[in-house]
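Engineer: Sharing a structure below in structure tokens format, with a few things to ask.
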Amino acid sequence: MAERCIIIGASHAGAHLAACLRMSGWKGDIQLIGSEPYLPYHRPPLSKTALNVAVSDPQWLRPAAFYEKNNIEVLLNTEVTHIDRANREVQLANGDSLAYDKLAFCTGARVRKLRIPGADLNGIYYLRDWQDALNIRQAISTAKKAVLIGGGYIGLELAASLRKKGLDVTVLEMTERVLQRVTAPEVSIFFSRVHHEEGVEIVCNKVASEFLGDGAVGKVRCSDGSEFDADLVIVGIGVIPNTELAQSAGLSVDDGIVVNEFAQTEDPDIVAAGDCTNHPNAMLNTRLRLESVPNAMEQAKTAALSVCGKPQAYAAHPWFWSDQYDMKLQIAGWNQDYDQVVLRGDYQHGRSFVAWYLKQGKLIAADCINRPKEFMVAKQLLAKGLAVDAHHVADDSLDPRSLLNS
């Protein structure tokens, strides 16, 4: 009998893990289980191009023919309800059970819901999957005034998309500035300025406390008593990793399914990858849970190698991106605990600059707005782990490649 690897979650991580299993020499069966009725698709476009009526289908990660050619069975509209580790079985909501030899959790994350009065009114949306994007697309065809709750990347990307469609947009952020958790103040000031130039109203230090309306939302009331008109509300206040299945199976969970550097859980037959995992990073000397496509893809590759008995430690500097208006923000590294921010370019004018994050003179991260050359250099500097000269990285007259010799 051929061995079988079951992958729970038809996500970026799940789809890539299935492909990497074949590339890594797995000869057995592969079953990829997804709860949605769609083949695995790209999620970043959901806040952007997916909102256009001309887009009829998700942007597939791979065509259906790929799964057929590589003998990967994709089970859609399928919910996993329990893992029986003793008998190595996956139990499904329809009552069926599937036997496995190896198991992979690629269960991703779900949106964090805002539990306040009026949260069940019509016109309040969250964005995580294709159906969410379709629902929002239909709503914006008649909406005029949108309120976005949360000034993180998803909120700002949606603000840009809705402004392009002519809606009046207000962003309510509970902290002192947008992107406060993930960027330096100068980067927050930059994005607030650009959105203001595009006609978006950003209001900070506002905590939504109630939705008002007769059947459908009409206002958002905040804890200080202020109110904002809205006929469309989108809430983007973060996500929660989907760890319940793993936890009920007795696996360790701590803000994610706990895995080692080989994407392995404490069960030798079970791996995990993507947004749902808490993993170690030797380069950062810490454990963390990352919500990013690059991490999902790289960790899936690591998990596949472990399943195939070819363990290879996952150790890479994180990187992310965000598209808003005519800007591409590319982030290299992890900017926690920086002690210095060095700017290259003018964040108060125009739409192109770099914020370098240093710790004891060493580069740990960079936010590059419309600066692809600096982004590539930043990734190389991080890989080398070298100290940098603050004056050199700030000098916009220097060729970015010369920074590699600073």
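Engineer: In Å², what does the accessible area per residue of the chain work out to with a 1.4 Å probe? Write out the running numbers ahead of the final one.
Structural biologist: On the way: 18160 Å² over 406 residues.
With all protein chains present, the chain gives 45 Å² per residue.
Engineer: Can I ask one more? Pull up the cross-link candidates among the aspartates and glutamates for K113, meaning alpha carbon to alpha carbon under 15 Å and not fewer than 8 places away within one chain.
Structural biologist: Partners within reach: D129, D132, E210.
Engineer: Another question, then. Could you please report the charge total around D395, scoring K, R as +1 and D, E as -1 over all other residues with beta-carbon less than 15 angstrom from its beta-carbon?
Structural biologist: On the way: positive: R344, R371, K373, R401; negative: D346, E374, D389, D396, D399.
Counting the neighbours of D395, the net charge comes to -1.
Engineer: Right, here's the next one. Around Q59, which amide H atoms from residues at least 5 apart in sequence, or from another chain, sit under 5 Å from its own amide H, with H modelled in the peptide plane?
Structural biologist: H42
Engineer: Also, I was wondering about something else. Whole-Hz Karplus ³J(HN,Hα) for region 113-124, in order, using 6.51 cos²θ - 1.76 cosθ + 1.60 and θ = phi - 60°, x for Gly and Pro?
Structural biologist: 8, 8, 9, 9, x, x, 5, 9, 5, 5, x, 10
Engineer: Principal axis extents for region 1-138, Cα atoms only, whole Å, descending order, please.
Structural biologist: Its Cα atoms span 53, 33, 21 Å along the three principal axes.
Engineer: Carbon and sulfur together cover what percent of the accessible area of the chain at a 1.4 Å probe radius? Spell out each step's value before the answer.
Structural biologist: Numbers: 8790 of 18160 Å².
Here it works out to 48 percent.
Engineer: OK, next. With a Cα-only, solvent-free Debye model of region 83-128, what are the log10 I(q)/I(0) values at q = 0.21, 0.23, 0.26 Å⁻¹?
Structural biologist: Debye output, listed in q order: -0.78, -0.85, -0.98.
Engineer: For K145, what charge total do you get from the other residues with a beta carbon under 9 Å from its beta carbon, if Lys and Arg give +1 and Asp and Glu give -1? Please list the in-between numbers first.
Structural biologist: Numbers: positive: K144; negative: D168, D229, D231.
Net charge in that neighbourhood comes out at -2.
Engineer: Take the residue pairs K165/K328; K206/K384; K328/K362 and return only those whose Cα atoms are more than 31 Å apart. Show your work: numbers first, answer last.
Structural biologist: Numbers: K165/K328 19 Å; K206/K384 42 Å; K328/K362 25 Å.
Long pairs (Cα-Cα over 31 Å): K206/K384.
Engineer: I need the phi-derived Karplus couplings for region 70-82: 6.51 cos²θ - 1.76 cosθ + 1.60, θ = phi - 60°, integer Hz, Gly and Pro marked x.
Structural biologist: Karplus-based 3J(HN,Hα) across region 70-82 equals 9, 6, 10, 7, 9, 9, 9, 6, 10, 10, 8, 10, 7 Hz.
Engineer: Whole Å is fine, so just give me how far the alpha carbon centre of region 223-281 lies from that of region 323-347.
Structural biologist: Cα centroid of region 223-281 versus Cα centroid of region 323-347: 25 Å apart.
Engineer: On to the next question. Can you give the calculated 222 nm mean residue ellipticity of the chain, where each DSSP H run of n ≥ 4 adds -39,500 (n - 2.57) and the sum is split over every residue, rounded to the nearest 500 deg cm²/dmol? Let's see the in-between values first.
Structural biologist: Values: 9 runs with 92 residues, N = 406.
The per-residue figure over the chain is -6500 deg cm²/dmol.
Engineer: Can you order the peptides 351-357, 370-376, 114-120 by their average number of other Cβ atoms within 10 Å per residue, highest first? Walk me through the intermediate numbers first.
Structural biologist: On the way: 351-357: 22.7, 370-376: 18.1, 114-120: 13.1.
So the peptides 351-357, 370-376, 114-120, ranked by packing, come out 351-357, 370-376, 114-120.
The values are calculated or read from the model by the stated rules, or taken from the named source; none is laboratory data. Keep in mind that what you see is a predicted model, and the values were worked out from it rather than measured. Because the Cβ atoms are built from the backbone with ideal geometry, glycine has one as well, and the counts that use them run over all protein chains shown. When the accessible area is computed, the model is the full protein with side chains, heavy atoms only, and any ligands, DNA or RNA have been set aside. Shrake-Rupley method; radii C 1.70, N 1.55, O 1.52, S 1.80 Å.
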